[in-house]
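The values are calculated or read from the model by the stated rules, or taken from the named source; none is laboratory data. No experiment lies behind these values; they were computed from the predicted model shown. Here Cβ is always computed from backbone atoms with ideal geometry, including for glycine, and neighbour counts include all displayed protein chains.
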Amino acid sequence: MPNTIFVNENKTVEQPGITNIRKLAMKNGVQLYSGIDVLLNCRGNGLCGTCRVEVLDGKGVSPMKPIEEGSMMGWIPFYVRSVPKHHRLACQMDAVNDCQIKTHPLYEIDRQASKERRQMFFAWSFFGGIFTAMMIWMLLDMVQVV
């Protein structure tokens, strides 16, 4: 039977065939979430990016799914994470063969992409505010007061 090694916890888990990493970790007491993420996660739907792990030996895991690529950036509105390719979501990854997983990997903030995201956010907010104000003004202008 294949083994999954959780490096930070120094725990080796024997898996019965092809197994989801998140389910395997939760079943064996390996904590994937930290802080408020324990309560505020998507419960394995691949939407939040909080169950991110680092795959040290990538030969024993399933290939990356399209939903992983989108949710790895996270929901932080003003910052962009620089996510290495060997970081994956535990909820979207299956252990196919022997693999080594490191929980709670560190990531860096991509400063240039974050600056661009903030600039776009403020530009859209400014022009969206002007557009909204014009629409309200036009609607109020159309209403006739008797």
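Quick notes on this structure:
- Failed item in (1) farther than 30 Å from Asn3 by Cα; (2) modelled with pLDDT of 90 or more; (3) β-branched (Val, Ile, Thr), with Thr103 passing the rest: (1)
- Output for the stretch 18-50, where each listed residue is among the aliphatic types (A, V, I, L, M), under 14 Å from the mean Cα position of the chain (by Cα) and buried (at least 20 other Cβ atoms within 10 Å of the Cβ): Leu32
- Index of the failed condition, Leu40 passing every other in (1) assigned to a loop (DSSP other than H, G, I, E, B); (2) touching a helix residue (DSSP H, G or I) at 6+ places or on another chain (Cβ under 8 Å): (2)
- Count of residues meeting criterion [more than 18 Å from Ala95 (Cα to Cα), out of contact with any Ser or Thr (no Cβ under 6 Å at 6 or more places or on another chain) and at pLDDT below 85] in the stretch 31-79: 11
- Looking across the stretch 1-17 at every residue that is surrounded by fewer than 12 Cβ atoms within 10 Å (Cβ to Cβ) and not small (Gly, Ala, Ser), the one that is modelled with the highest pLDDT is identified as Asn10.
- Among the candidates Gln119, Gln112, residue that is at pLDDT below 90 and farther than 28 Å from Tyr33 by Cβ: Gln112
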